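Read the figures in this text as sums done on the coordinates, not as results from a lab. The structure presented is a predicted model; accordingly, all values stated were derived computationally and were not measured. Glycine also receives a Cβ, built like all others from the backbone with ideal geometry; neighbour counts cover every protein chain displayed.
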Amino acid sequence: MLTRRRVLAVSGAAAATLAMPYVARANPIKARLAHAANEIHPGHIAAVEYKKALETLVPGAIDITIFPNRQLGSDKENLESAIAGTNEMCGSSGILFPLVTGRPGLDAYQLPFLIKDYDQFTELATSDVAQKILDDLEPGGIVGLQTTDIGQRHFLSAKDPVQTVAGFEGLKTRIVPVPLHKQIWEGIGTTPIGLPYGEVYGALETKVIDAVEINVSSMLGENLWEVGKNFTLTGHYPWHNVVVVNKAFFDGLSTELQQAMRQAGKDSIAPTLAYTKKQDLEGRDALRAKGVEIFELDDLDAMKKKVSPIVTEWSGKSPLIEEFVKLAQSTS
């Protein structure tokens, strides 16, 4: 007979089971992590390293299935899906988060010439202010777990080589259509054109655009070397990638698993950055072997001078950006 005492006993046993450590659970919690990159791209490596770090911390507790190559949508669509809870997790370009969530902090990483190299990025991404920027995403419906650099950005021209700042003038240049990028590339002198990442190859091939600001990993992963042969090393900003989890999903986990998910994010930054740095440097030789000519910008200081006021202007848009900029400038 099902009595009140029996109901309470069963309910109490169920609650106790859910509260037990992960090792006692028969079935792992399932999570999907979608991103837009292919398997050699650091964006995919960021997801793989995150999964490995989490499995090390809590073996068998959470089973993450990674969906690369835009299988579940574009970069922006994956982020929107994670916010909505359609997918539990995503890795997306950091520049999209202010646009989609209205939380401005992640713009700090792409202020022009603020972060000098991969080592400094690692230091900044594991800092207290980096954690504050991730925490600030929660009102947008997601919990930030990891910020990595998937490749310092340079400049690819499908027309003549760009070897001076004057060479940028008027070039139809693909950007992500966000205010920060528009301001930077108008300031440099190009004609910025907003296009989805997946349309870059075709736009270069058909001359809809003349150029794209891009990293080595994307040059290789998207075969952009086939349609653009003049690559100028500018290193104007990193391309930050952020792994997040849907907040409702995260809030439903035990405290132990929440802590593990956060720690896995921190633990996976350094190995991802090591891969990114190696691919960037070695990938340049791979591009040369494919017929790409690589140039230095003769007057890089002039390019830096053109965009330096943007760092000050954007620091005033958010206390988090201001704090990040001060830390970056003190460690450069």
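Quick look at the numbers
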quantity	calculated
Filter on LYS76/LYS247; LYS266/LYS305; LYS266/LYS326; LYS30/LYS76 - keep pairs with C-alpha separation over 29 Å	LYS266/LYS305
Unit charges at the beta carbon, dipole of the chain: most positive-side option, SER268, TRP239, PRO309	SER268
J(HN,Hα) series, region 206-218, from Karplus relation 6.51 cos²θ - 1.76 cosθ + 1.60, nearest Hz, glycine and proline x	8, 6, 5, 10, 9, 7, 8, 8, 7, 10, 4, 4, 6
Residue order, fewest to most beta carbons within 10 Å, for GLU88, GLU205	GLU205, GLU88
Kirkwood hydrodynamic radius of region 144-235, Cα pairs, Å	13.3 Å
Cα gyration tensor, region 221-332 - rounded (a/c under 1.5), prolate or oblate	oblate
Per DSSP, loop trypsin sites (Lys or Arg not before Pro) in region 120-228 with at most 13 further Cβ within 10 Å	LYS207
In Hz, Karplus ³J(HN,Hα) per residue of region 270-281 (6.51, -1.76, 1.60; θ = phi - 60°; x = Gly, Pro)	4, x, 5, 5, 4, 5, 4, 4, 5, 5, 4, 5
For ILE142, residues with placed amide H under 5 Å, excluding near neighbours	LYS247
Stokes-Einstein diffusion coefficient of the chain, Kirkwood radius over Cα pairs, 10 °C, 1.306 mPa s, in µm²/s	76 µm²/s
Residue-by-residue Karplus 3J(HN,Hα) for region 125-142, coefficients 6.51, -1.76, 1.60, Hz, glycine and proline x	5, 9, 7, 5, 5, 4, 5, 4, 5, 5, 4, 5, 6, 4, x, x, x, 9
